[in-house]
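Encoded as structure tokens, the structure appears first; notes follow it.
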Amino acid sequence: MILLALGCFVLSCSMARTAEQSKPFPVGDYQYTGFDSSGAKIVEGRLSITSVKSTGFEGEWQLSKIGNPERIGPQVGTGTLAGSIIEGKLYINLNPNMSDNNVNLTGAIEGARFQGTWKFVGYAGVLTQGTFEATRR
């Protein structure tokens, strides 16, 4: 009887730790770095995905400019984000409440990391673009 109680206690403790440590992807904070088309670092900071909904996910971002890059769009400061995962690809809009002047991220998911391209998009189309990487903290 004591062995059975001890076994249940050990099993319940290990199950609780597992549940605490693993948040469903993509919820969490990510260290973000953006690069221009030549590979120079232009932006770094944090992306936080705070909630997952049936239609996608939501969160916020806080990014700082590195150096003096031009035409990188509204990806400096703070804001909200909205995104989705479709067939294993991640799509994030850093400016979901704007119909113009958007920065969109498209990337591949690799474990607790995603990377891909960012595009500064206006009514005229893609104004400039580069690459990014984001790793879960």
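Numbers at a glance
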quantity	calculated
Isotropically averaged projected area of the stretch 24-128, using the convex hull of Cα atoms (one quarter of hull area), nm²	6.6
Local net charge near residue 92, Cβ-Cβ under 15 Å (Lys/Arg +1, Asp/Glu -1)	+2
Pairs of lysine residues in the stretch 24-136 - Cα separation under 16 Å, sequence separation of 8 or more or cross-chain	4
Net charge over other residues, Cβ less than 13 angstrom from the Cβ of residue 67 (K, R count +1; D, E count -1)	-1
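Each value in this text was obtained by applying a stated rule to the coordinates, not by laboratory testing. These figures come from a predicted structure and were not determined experimentally. Cβ coordinates were reconstructed from backbone atoms using ideal geometry, including for glycine residues, and neighbour counts include every protein chain displayed.
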